[in-house]
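The values are calculated or read from the model by the stated rules, or taken from the named source; none is laboratory data. It should be emphasised that the depicted structure is a prediction, and the values quoted were computed from it without experimental measurement. Cβ coordinates were reconstructed from backbone atoms using ideal geometry, including for glycine residues, and neighbour counts include every protein chain displayed.
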Amino acid sequence: MRKKTADNLRFSGVIEGGSCWDELTRERMQDPKSLEAYGYKVYSQNDEDGIIHEIFRRIGATNKTFIEFGVQNGLECNSHLLLFYGWNGLWIEGSDEYCKEIRMKFRPVIDNGQLQIMNSFVTRENINKLLAKYTGGGFWS
């Protein structure tokens, strides 16, 4: 048998609607539990907006609170759209410059208490301490 290398590999999937899909992907997309078909992008990078929306459509949401870290300037992150749905949350970002930009661009939702910003890098050693700062009151209780 010929050894597979980058030079002699061939696509074994199918073309559907202009997109290339291999058989496993096609089977996975036909599973009614699959979330990929619900993906769409409003503010997320890779269709997470639609996937998150579908997850909460399926399971419901009683506590509409999120935490996301590594949001850069907040314009392209997984929880940005949740703000429009009335969720409250915390963004933790390590860059001083990005935090300054967030504070300017998201001033209305920061001022009304819907969004909190923490300027810190998250590590395995500090995550519990960082979150403990926000569990004492407001929507974190």
query: Restricting the stretch 106-141 to residues that are within 19 Å of Asp96 (Cβ to Cβ) and loosely packed, with under 15 Cβ neighbours inside 10 Å, which is modelled with the lowest pLDDT?
result: Lys133
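One line per residue, one yes/no per condition, for (1) surrounded by 10 or more Cβ atoms within 10 Å (Cβ to Cβ); (2) of a type in the set (Ser, Thr, Tyr); (3) modelled with pLDDT under 70; (4) not assigned by TED's automatic domain parsing to the domain that holds Ser120:
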site	(1), (2), (3), (4)
Lys4	no, no, yes, yes
Arg26	yes, no, no, yes
Pro32	no, no, no, yes
Glu36	yes, no, no, yes
Gln45	yes, no, no, yes
